[in-house]
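Asker: One structure follows; several queries about it will come next.
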Amino acid sequence: MEETRLIKPLLDKEYPMISHGDGIYLYDTDGKKYIDGSSGAITASIGHGVKEIIDEMEKQANKISFVYRSQFTSEPAEKLATKLSELAKGADGGYWSFFVNSGSEATETAMKIAIQYWQEKGVKGKNKILSRWMSYHGITIGALSMSGHTVRRARFVSLLEDYPTISPPYCFRCPYDTTYPSCNYLCAYELEKAINRIGAEHIAAFIAEPIIGAAGGAIVPPDGYYQVIKKICEKHNILFIADEVMTGIARTGKMFALEHWETNADIITLGKGMSAGYTPIAATLVSEKIMEPIKKGSRLIMSGHTYSANPQSASVALAVLKYIESNNLVEAAEKNGRYMFSKLLELQKKYPIIGDIRGKGMLCGIEFVSDMITKFPFKKEIDLTTMIVKQAQLNGLLLYPAAAGIEGIGGDAILIAPPLTITCDQIDEIIILLSQTLSDVEKELRIAGVI
Ligand code: PMP
């Protein structure tokens, strides 16, 4: 294709031109068919071209697409906030919703509301947000400050707060070289050590992804981990923010991933699957406990964007939630997720470069190793993740590249997270294409003398 003026993620890469989508399949303008094995960036969770959503978009566009939130409220935005509070039943008194347009905006808003909460309560100086290494909370400077994603931070380190503080619950490569359960949650108790060092009087909140996505490849903490984290936060008067931008809205076989551990958060962020990619919308859900001093105090949230709470996006998100409920997609993610995992475990027997398979529901991570016994990753220069993702795309399977491995040395992981509407037969199609891809890549590695 001749050069155009669109800035793409990689200027040297050729991107196929999309034509249309249908369910779990995408088609480019050359007629090539792809399985959307990662729902884009874990976003298109009900598949492409769903008529109910398209009809709703048209219906709302015929009424009103945009009003400015400082001038009007709208029925779709009000209803969406009520619906989300019904769904996120964890905290006493339910949640309030602040709508934004991307996951980064949602986490950045969460950070600001957490800081504001302490100000409204008359507690001065609680401004820091603690977070974990191997995490991703967004690309804007505030959200990136909280993100322990070394590659994405690298260029901007001097602008960032030094928030990432503690080790991730990464059992495949335990940061303490121990094993669960005899580890006694050392990585969770690292939070308490950090709080004691920094001083709780400086800390507003701790943020974590219930299951680590882009920066880890679906890393699931051991049972009991979040109970320890929650206990430490409560003991030291620190808020707990759950970043459910990737894991929220049915993806992991629960409406919210924290439900797997019967834990709740003071603030929850949502994005991606909330509108399943039909429109940009994200949300910061704020529990009644956090809203209370704000309602009694300044009565103003000092954040927001022009497109916040626009009726067009809100109506789409409402329609997506309705679709998820009426098609029982939470249950489908759990059931079909189990099927997908069983098939991937079979594949692991065939390909020794598969080091670990992990995740929950329809959020599955595969980490690759150069040696099964030592678990040592492939050399950085090989860039195995890119090799696999590229080969898969050639074979007609879309995968999401994730980072994992040994910090500073590197590592390779992918996410498989197809639309929740996928059938078992279609999961089999993914497995066939993935197997083909791994076989192609292994051949390349053998020719290059790497394995
Ligand atoms: N938080 C998490 C957990 C994410 O996975 C992402 C996106 N990968 C973000 C925040 C940022 O979302 P966005 O790209 O929509 O800004």
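The values are calculated or read from the model by the stated rules, or taken from the named source; none is laboratory data. Owing to the predicted nature of the structure, the values given are computational and were not obtained by experimental measurement. Note: ideal-geometry Cβ built from the backbone for every residue, glycine included; neighbour counts use all protein chains shown.
Asker: Test Y117 against the criterion of being out of contact with any Ser or Thr (no Cβ under 7 Å at 6 or more places or on another chain), of a type outside the set (G, A, S), at pLDDT 95 or above and outside any helix (DSSP H, G or I), and give yes or no.
Answerer: Criteria not met by Y117.
Asker: Just for region 282-300: of the residues that are of a type in the set (S, T, Y) and under 23 Å from I207 (Cα atoms), which one is farthest from the ligand (Cβ to nearest atom)?
Answerer: Filtering first and then ranking leaves S287.
Asker: Could you go through region 166-189 and let me know if any residue there is assigned by TED's automatic domain parsing to the domain that holds I232, outside any loop (DSSP other than H, G, I, E, B) and polar (S, T, N, Q).
Answerer: Within region 166-189 (the criterion being assigned by TED's automatic domain parsing to the domain that holds I232, outside any loop (DSSP other than H, G, I, E, B) and polar (S, T, N, Q)), the answer is no, since none of the residues qualifies.
Asker: Okay, moving on. I'm trying to understand the selection: among the residues of region 342-395, which are within 24 Å of the chain's Cα centre (by Cα) and either assigned to a loop (DSSP other than H, G, I, E, B) or not assigned by TED's automatic domain parsing to the domain that holds K32 (or both)?
Answerer: Residues satisfying the conditions are G361, M362, V369, P377, D383.
Let's see how each residue does on (1) of a type in the set (K, R); (2) surrounded by 15 or more Cβ atoms within 10 Å (Cβ to Cβ):
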site	(1), (2)
I46	no, yes
S65	no, no
S102	no, yes
T107	no, yes
Y117	no, yes
K126	yes, yes
H137	no, yes
S145	no, yes
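Asker: Do we have Y307 as free of Cβ contacts under 8 Å to residues at least 40 places away in the same chain, of a type in the set (S, T, Y) and either touching a strand residue (DSSP E or B) at 6+ places or on another chain (Cβ under 9 Å) or in a strand (DSSP E or B) (or both) here?
Answerer: So Y307 does not fit the description; no.
Asker: Here's a follow-up. Being surrounded by fewer than 17 Cβ atoms within 10 Å (Cβ to Cβ) and in contact (Cβ under 8 Å) with a residue 12 or more places away in the chain narrows it down to one of E190, E201, E209, so name that one.
Answerer: Being surrounded by fewer than 17 Cβ atoms within 10 Å (Cβ to Cβ) and in contact (Cβ under 8 Å) with a residue 12 or more places away in the chain holds for just one of E190, E201, E209, which is E201.
Asker: While we're here: If you check I422 against the conditions, is it over 18 Å from the mean Cα position of the chain (by Cα), surrounded by 21 or more Cβ atoms within 10 Å (Cβ to Cβ) and in a loop (DSSP other than H, G, I, E, B)?
Answerer: Yes.
Asker: Output the number of residues of region 200-224 satisfying the condition of being more than 16 Å from the ligand (Cβ to nearest atom) and touching a strand residue (DSSP E or B) at 6+ places or on another chain (Cβ under 9 Å).
Answerer: Within region 200-224, residues that are more than 16 Å from the ligand (Cβ to nearest atom) and touching a strand residue (DSSP E or B) at 6+ places or on another chain (Cβ under 9 Å) number 3.
Asker: Hey, another quick one. Taking region 318-370 as the search range and keeping residues that are farther than 28 Å from F99 by Cβ and of a type in the set (F, W, Y), which one is surrounded by the most Cβ atoms within 10 Å (Cβ to Cβ)?
Answerer: Ranking the qualifying residues of region 318-370, first place goes to F368.
Asker: Moving to a separate point now. Determine, yes or no, whether S315 is under 19 Å from E120 (Cβ atoms) and either buried (at least 24 other Cβ atoms within 10 Å of the Cβ) or at pLDDT below 95 (or both).
Answerer: no
Asker: Can you name the number of the only condition in (1) surrounded by 15 or more Cβ atoms within 10 Å (Cβ to Cβ); (2) not in a helix (DSSP H, G or I) that L438 fails?
Answerer: (2)
Asker: Just give me the residues in region 38-69 being in a loop (DSSP other than H, G, I, E, B) and either within 16 Å of the ligand (Cβ to nearest atom) or free of Cβ contacts under 8 Å to residues at least 24 places away in the same chain (or both), in sequence order.
Answerer: S38, T43, A44, S45
Asker: Test R152 against the stated conditions and say whether it is surrounded by fewer than 23 Cβ atoms within 10 Å (Cβ to Cβ) and within 16 Å of the ligand (Cβ to nearest atom).
Answerer: Against the criterion (surrounded by fewer than 23 Cβ atoms within 10 Å (Cβ to Cβ) and within 16 Å of the ligand (Cβ to nearest atom)), R152 qualifies.
Asker: Anything in region 120-155 that is part of a helix (DSSP H, G or I) and of a type in the set (G, A, S)? List them, or say none.
Answerer: Selection gives G142, A143, S145, A154.
Asker: Looking at region 97-149, which of its residues are touching a residue at least 24 places away in the same chain (Cβ under 8 Å), within 15 Å of the ligand (Cβ to nearest atom) and either outside the structural domain of S315 (by TED's automatic domain parsing) or over 30 Å from Q312 (Cα atoms) (or both)?
Answerer: I129, S131, R132, W133, M134, S135, M146, S147, G148, H149
Asker: Another question, then. Is it the case that region 264-276 has a residue that's acidic (D, E) and surrounded by fewer than 20 Cβ atoms within 10 Å (Cβ to Cβ)?
Answerer: Checked region 264-276: no residue is acidic (D, E) and surrounded by fewer than 20 Cβ atoms within 10 Å (Cβ to Cβ).
Asker: Looking only at region 233-281, how many residues end up being away from the ligand (no atom under 12 Å from the Cβ) and not in a loop (DSSP other than H, G, I, E, B)?
Answerer: Residues that pass the stated criteria total 10.
Asker: With the checklist (1) more than 16 Å from the ligand (Cβ to nearest atom); (2) in contact (Cβ under 8 Å) with a residue 60 or more places away in the chain; (3) crowded, with 22+ Cβ neighbours inside 10 Å in hand, flag the one item R173 doesn't pass.
Answerer: Here R173 clears every test but (3).
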